[in-house]
Amino acid sequence: MNATILIDGRPATADDLAHQALVNYGAYTSFRVEQGAVRGLDLHLARLEQAAVELFGESPGEAELRRLMAQAVEGRDACWLRVSLFSPEIGHRAPSFVGRPKVMTVVSPPPPPLAVSVRLKAMAYEREAPHLKHVATMGLTRARRAARAAGFDDALFTDANGRVSEGALWNIGFFKGDRIVWPQAPMLAGVTQALIQRGLAEARLASETRTVALSDIAAFDGAFLCNSATPVCPVTAIDDVTFASAPALLARIEAAWFAQPPQVIAARDDDEGVSRLGR
């Protein structure tokens, strides 16, 4: 991967990277940047602020996060930015540090969408602290490997009570007619899911959030997954339940995401960073 890595705005050192490799404690968010702007930037910043306070007891603050992000992507028309929070003061033998975490920015070329369609295998698995986008990823990677070994593309998680929650790297939505159903269970609140939700009314689609059991899946007309690299991807099967193609409806869902304007990273006096670049 051709990536540029900065720690608090300075080139990462070997010690910085060694700590990241050896201590699996921290949080991050990641997204596509176009001309210095990001769809859902306000949500990504809020995610980082919440995680910083919960995991470290202190946040770098929105202004500092924006400054470091703007520095990382300066001069690039389009890229992928990952913003991670960590502390070299925290390790397996010394976990008690409370204070401002360091900010690692990783800039790389934008990745392609996850897939054009996916077949999912349901698995009983709950991420630790599922409300956080944290760096403890062994469990979800192991689940994805198991799903692919079984002949599927990815894993769909269910909790201990059999409720559908989320995927390894994405959120899932179901639909019946013109109504979108988001599953209700412990999970990460996805930025792309929230952006779609913001635009559903304009796309003339209704929505609700409720418990979805595996036994409920066959009653839906279809399903889709979404994340920052893949706004909408059709799900063609979950275990032995198959779904027919619904390109017109999925296009409306994707339009709900496109309708949310990018927000510029560098703070502006007039509109707090909302870009007029449109789509």
**Q.** Helix 247-258 vs. the chain, principal-axis angle (Cα, 0 to 90°, nearest 10)
**A.** 20 degrees
Q: Any chance you could run the full-extension gain for Asn24 through Glu62? It's 0.36 nm times the residue separation minus the Cα-Cα distance, nm to one decimal.
A: 11.3 nm
Q.
Over the chain, with the other protein chains present, what is the accessible area per residue in square angstrom, probe 1.4 angstrom?
A. 48 Å²
Q | Label-point separation, Glu54 to Thr209 (7 Å along Cα→Cβ), nm | A | 1.3 nm
Q. If you count the DSSP beta bridges with both ends in the chain, what percent of them are antiparallel, to the nearest 5?
A. 75 percent
Q | Ordering of 78-91, 110-123 by burial proxy (mean other Cβ atoms within 10 Å per residue, highest first) | A | 78-91, 110-123
Q.
How charged is the neighbourhood of Lys176? Take every other residue with its Cβ under 14 Å from the Cβ of Lys176, and add Lys/Arg as +1 and Asp/Glu as -1.
A. -2
(Q) If I compute solvent accessible area with a 1.4 Å probe over the protein chains, what percent of it on segment 217-270 is carbon and sulfur? (A) 57 percent
Q. Under a point spin-label approximation (7 Å from Cα along Cα-to-Cβ), what is the Gln71-Glu202 distance to one decimal in nm?
A. 3.4 nm
**Q.** Sequence ranges 30-40, 141-151, ranked by mean other-Cβ count within 10 angstrom, highest first
**A.** 30-40, 141-151
(Q) Can you classify the chain as rounded, prolate or oblate using the Cα gyration tensor, where a ≥ b ≥ c are the square roots of its eigenvalues, rounded means a/c under 1.5, and otherwise it's prolate if a/b beats b/c and oblate if not? (A) oblate
Q: Could you tell me which of rounded, prolate or oblate describes segment 94-223, using a ≥ b ≥ c as the square roots of the eigenvalues of the alpha-carbon gyration tensor, with rounded for a/c under 1.5 and, failing that, prolate when a/b is larger than b/c and oblate otherwise?
A: prolate
Q) Cα gyration tensor of segment 1-150, axes a ≥ b ≥ c as square roots of the eigenvalues: rounded (a/c below 1.5), prolate (a/b > b/c) or oblate? A) oblate
(Q) Can you compute the modelled spin-label distance between Arg100 and Met138, with each label point 7 Å from Cα toward Cβ, in nm? (A) 3.3 nm
Q) With a sphere of radius 15 Å drawn around the Cβ of Phe224, what net charge do the other residues whose Cβ falls strictly inside it have (Lys, Arg +1; Asp, Glu -1)? A) -2
Q.
Give me, ordered by chain and number, the residues 5 or more places off Cys233 or on other chains with an amide H under 5 Å from its own placed amide H.
A. Leu225
Q | Relative contact order (%) - segment 1-100, alpha-carbon pairs under 8 angstrom, separation at least six | A | 38 percent
(Q) With angles folded into 0 to 90 degrees, how steeply does helix 41-56 sit against the dominant principal axis of the chain? Use alpha carbons for both and round to 10. (A) 70 degrees
Q: Keeping the other protein chains in place, figure out the carbon and sulfur percent of the accessible area of segment 6-160, with a 1.4 Å probe.
A: 52 percent
**Q.** Mean separation of Cα contacts under 8 Å, 6 or more apart, over the residue count of the chain: relative contact order %
**A.** 20 percent
Q) So between Val241 and Gln35, what do we pick up on full extension, going 0.36 nm a residue minus the alpha carbon distance? A) 70.0 nm
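The values are calculated or read from the model by the stated rules, or taken from the named source; none is laboratory data. Predicted model only: the values in this text are computed from it and were never measured. Cβ atoms come from the backbone with ideal geometry, glycine included; neighbour counts cover every protein chain shown. Ligands, DNA and RNA are excluded from the accessible area calculation, which covers all protein heavy atoms including side chains. Shrake-Rupley method; radii C 1.70, N 1.55, O 1.52, S 1.80 Å.
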